[in-house]
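The values are calculated or read from the model by the stated rules, or taken from the named source; none is laboratory data. Worth saying up front: this structure is predicted, and the values here are computed from it rather than measured. Glycine also receives a Cβ, built like all others from the backbone with ideal geometry; neighbour counts cover every protein chain displayed.
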């Protein structure tokens, strides 16, 4: 039994909105867990960026599943994962789900973009036909061996074909077996309100930071994956690098911060374990 997956199912049944901050490595995931978050979201945008690539479908399924495995192994909370387009046709999706499941993912989403995909907030997206996506959703659901694994169907059709098509797609994906539905590319408060009103009878995932979390929770979303942490990580690292280059130091980041870092990484526990086997 995968306890993180079972825990995610329990949280979804509880009815309160789950907030999962964006993370792309184990350190960020451990920070999120230490801050009290009950789940984390492995971002494809960030995973690609951490390897020096834009989010344009350049990473392989193997690379993404490997990152999911590392993050899931570093924390006890459920890890919700980006699985892009499923990396091919329904047969590829079937294998993708098996690989992510073996990696320890608690949930994953596949999207209806044309491969190679691109970040949901970039221009120039294209989507496959609804009739092509439905079998991929069915394959994803059929592939799971653990019934607690949550399958999320994502639609990127909003910027391409508009709300009527988005609604048609989401209802078809739900009928095909998806546990949660995810419309990406919500850019405005009008988009947000349309999302909640037109599809509010479905279990929804929201990606963004248009409103504070307590306000978002009023919209009835099951899960919010929060991009704010990814942007903050970029901004603060960039500013620290510029500060070091410009002034020769990074102010206020001394021994106390280092001790916090050591504590988060469980150094004392590992040292104690090592001492058990000393000779």
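Assorted remarks:
- Qualifying residues in region 89-125 (those that are part of a loop (DSSP other than H, G, I, E, B) and at pLDDT 95 or above) - the one farthest from residue 9 (Cα to Cα): 89
- Neighbours by Cβ (under 8 Å, 6+ apart or cross-chain): first from region 236-262, more than 22 Å from residue 35 (Cβ to Cβ); second not in a helix (DSSP H, G or I): 243/249; 243/250; 243/251; 244/250
- Residue 57 being under 19 Å from residue 182 (Cβ atoms), under 16 Å from the mean Cα position of the chain (by Cα) and assigned by TED's automatic domain parsing to the domain that holds residue 100: yes
- Condition met for residue 16 (in a loop (DSSP other than H, G, I, E, B), out of contact with any strand residue (DSSP E or B) (no Cβ under 9 Å at 6 or more places or on another chain) and closer than 21 Å to residue 202 by Cα): yes
- When we screen 267, 262, 250 for residues that are more than 17 Å from the chain's Cα centre (by Cα), surrounded by 13 or more Cβ atoms within 10 Å (Cβ to Cβ) and more than 30 Å from residue 166 (Cβ to Cβ), the only hit is 250.
- Looking only at residues in region 197-212 that are modelled with pLDDT of 95 or more and under 17 Å from the mean Cα position of the chain (by Cα), the one that is nearest to residue 55 (Cα to Cα) is 207.
- Filtered residues of region 24-40 (kept if farther than 16 Å from residue 205 by Cβ and either assigned to a helix (DSSP H, G or I) or in contact with a helix residue (DSSP H, G or I) (Cβ under 9 Å, 6 or more places away or on another chain) (or both)): 24, 25, 26, 27, 28, 29, 30, 31, 32, 33, 34, 35
- Verdict on residue 46 being under 16 Å from the mean Cα position of the chain (by Cα), touching a residue at least 60 places away in the same chain (Cβ under 8 Å) and assigned to a helix (DSSP H, G or I): yes
- Residues of region 126-142 that are within 10 Å of residue 177 (Cβ to Cβ) and either touching a residue at least 60 places away in the same chain (Cβ under 8 Å) or touching a strand residue (DSSP E or B) at 6+ places or on another chain (Cβ under 8 Å) (or both): 137, 140, 141.
- Flag for residue 226 being in contact with a strand residue (DSSP E or B) (Cβ under 6 Å, 6 or more places away or on another chain), surrounded by fewer than 23 Cβ atoms within 10 Å (Cβ to Cβ) and in the same structural domain as residue 125 (by TED's automatic domain parsing): yes
- Checking residue 69 against (1) assigned to a loop (DSSP other than H, G, I, E, B); (2) within 25 Å of residue 142 (Cα to Cα); (3) at pLDDT 95 or above, the condition it does not meet: (1)
- When the residues of region 134-159 are filtered to those that are more than 23 Å from residue 68 (Cα to Cα) and part of a helix (DSSP H, G or I), the one that is modelled with the lowest pLDDT is 159.
- Selection count where residues are surrounded by fewer than 21 Cβ atoms within 10 Å (Cβ to Cβ), touching a residue at least 24 places away in the same chain (Cβ under 8 Å) and not in a loop (DSSP other than H, G, I, E, B), scope region 49-66: 5
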